[in-house]
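Please read the structure below before turning to the comments.
The values are calculated or read from the model by the stated rules, or taken from the named source; none is laboratory data. Small disclaimer: the values here were computed from a predicted structure and weren't measured. With ideal geometry, Cβ positions are generated from the backbone for all residues, glycine too; neighbour counts draw on all protein chains shown. We work out accessible area using only protein heavy atoms, side chains counted, and drop any ligands, DNA or RNA first. Shrake-Rupley method; radii C 1.70, N 1.55, O 1.52, S 1.80 Å.
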Amino acid sequence: MLKDEDRMPKASLSEKLRGWFADDDSSSSPAESRRAPVESHRELVDTALPRDAESTLSLERRLKELLTHPQLLSAGRIHLINFANLRKRLGDSWPRLRDRVHAAADRLINQAIGPRDVQFRNGDGEYIIVFAALNRQAATLVCAKVAEELHRLFLGEPELSEVTISTAVGVVDGRLLYEEVSAADLLRELERERQVPSESAAPLPEAARDGAGVSATTPAEPRKLQLASQAFERIDTMFRPVWDVRRQVISTYMCTPVRLFPDGTSVEGVAALASISDPQRLAAADMDFLTNTVETLDELFCNKFRLMVSVPVCFETLAARRSRQEYIGLCQSVPTYLRQFLSFEFLRFPDGVPNGRMTELVNELRPFGRRTFLRVDVRQPNFTLLVGTGLTGVSTLVNADRGAEARTMEELNSFVAAAERAGLQSCVAGITSTSLAIAARAAGFTFIAGDRVGRTEEVPQHMLHFGWQDLFLRGSKRPG
């Protein structure tokens, strides 16, 4: 359906676009016509972008280069995304989350577009993207995937039927015309094309098919390397001991994803999951971790072992309705007598998840475990958004860079102080040296984990008294 600018809530932006792309003034000289787009863009930059001279000039240069190609408009490469519905659904939370929504939108768009494409924001939640090379269908799909991911970050399961992508398709009698389609319709069309591929259809770029992460200017699906190391992509389940500092005991183990490499090295935790971009594969991994943890707990319980085990679960698994229901269904099968020994650690949660959304997810899992921790960056400034969500605490990971230990110690102090202000317990992993262990204890962490406390094991051990003397004794036996 075609709509002109008088019938769309984009009049001011449409006027500026028409000024860039419609050659209405026949009396203008070619030189004046070439200058007008850049001058119009400068006017928009003054109202919609930070006043950073270097970035402004860079953006103007990129836009000027794009505007030298008159086929942009006819090719359907100018797109508008409006997030008015997201703003409406966030309601009273919008003023507090506005900056985070804009930052997330900028990040998602910049990941999805190519180096020669241009994006910027007009007003409070309307984005224009000018694609340099993608055809109309591929460009529109990129916009739809951006809209889907942004809604998923802040609202969970997105209502994409209310998210529209507008494509500038022409100028008639001085009026800029748009064709509007919902993101839901676009993604349904994409799913049909995946199920019934057309031999005559040109291949879409990876970014248009699977979301952000690959340059949107790629004309076809890139060739994939066949590497021997791909046989080592299996992720195993290991368990890392956690020191309860106040009780001076190791009574908790963290279920830790571990990926082994051919040379004997490994990565664990979030790093082991970093290579998984497919949400379905990630959800399957989360359910494997839960299954392995509960089965191990059950065996330990039958052998009169009594200890806590935390199991990781990723945001992508809980954010999508289908995978969340499957995960909750598996949780419901956990015997009641084991739930008191089970905790959950939320991984890969984006910054700025609304308080209400976090509360909902915590409450979904609360009946099946004793504690819920959220993994965050050690430089997290405050946790006021987490107050009242029902979370037990926050966990973080520090790196083993000896040269950065002084800075890490300062970050540990700030982290615990912020957690305490929010009424949350705190856990730190990655402690590999005695000095960091002392700093973590002095900062007031509730739980400490890392090679200095104990290495990962295939099966958790009995509850163990662990005091300061034990820390130093263990340290003298293992280099740290």
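Can you send over the carbon and sulfur percentage of the accessible area for the stretch 366-480, probe radius 1.4 Å, protein chains only?
Values: 2830 of 5520 Å².
Here carbon and sulfur together make up 51 percent of the probe-accessible area.
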#### Entry: Whole-number accessible area per residue in Å² for the stretch 339-480, which is evaluated in the context of all protein chains at 1.4 Å
45 Å²
### Task
Would you mind checking which residues have amide H under 5 Å from residue 276's amide H? H placed 1.01 Å from N; only 5 or more apart, or other chain.
none
### Summary
Amide H proximity to residue 451 below 5 Å, modelled H, separation 5+ or other chain, gives 430, 431
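If contacts are Cα pairs under 8 angstrom and at least 6 residues apart, what is the relative contact order of the stretch 233-323 in percent? Present the calculation step by step, with values, prior to reporting the outcome.
Working: 114 pairs, mean separation 25.6, N = 91.
Answer for the stretch 233-323 is 28 percent.
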### Message
Give me the Å³ per residue figure for the convex hull around the C-alpha atoms of the stretch 302-443.
### Response
124 Å³
### Query
Using all Cα-Cα distances in the stretch 370-474, what percent lands in each 5 angstrom bin from 0 up to the longest?
2, 12, 24, 22, 19, 13, 8, 1, 0
### Message
So for each of 324-330, 372-378, 425-431 I average, over its residues, the number of other beta carbons within 10 Å; can you give me the resulting order with the highest mean first?
### Response
425-431, 372-378, 324-330
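Once you have the alpha carbon radius of gyration of the stretch 346-411, what is it after dividing by 2.2 N^0.38 Å, with N set to its residue count?
Values: Rg = 13.9 Å, N = 66, 2.2 N^0.38 = 10.8 Å.
That ratio works out to 1.28.
For the stretch 258-373, take the convex hull of the Cα atoms, compute a quarter of its surface area, and give me that in nm², please. Before the final figure, lay out the partial values.
Numbers: hull surface 32.5 nm².
Value for the stretch 258-373: 8.1 nm².
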### Query
Separation between the residue 281 and residue 458 pseudo-spin-labels, each 7 Å from Cα along Cα→Cβ, expressed in nm?
2.6 nm
### Query
If amide H atoms are built 1.01 Å from N in the plane of the peptide, which residues on other chains or at least 5 residues away come under 5 Å of the amide H of residue 378?
397
### Query
Roughly how many nanometres apart are two label points built 7 Å out from the Cα toward the Cβ at residue 355 and residue 246?
2.4 nm
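Take the solvent-accessible surface of the protein heavy atoms, probe 1.4 Å, and return the percent of it on the stretch 80-147 that carbon and sulfur atoms account for. Let's see the in-between values first.
Details: 1120 of 2480 Å².
Carbon and sulfur: 45 percent of the exposed surface of the stretch 80-147.
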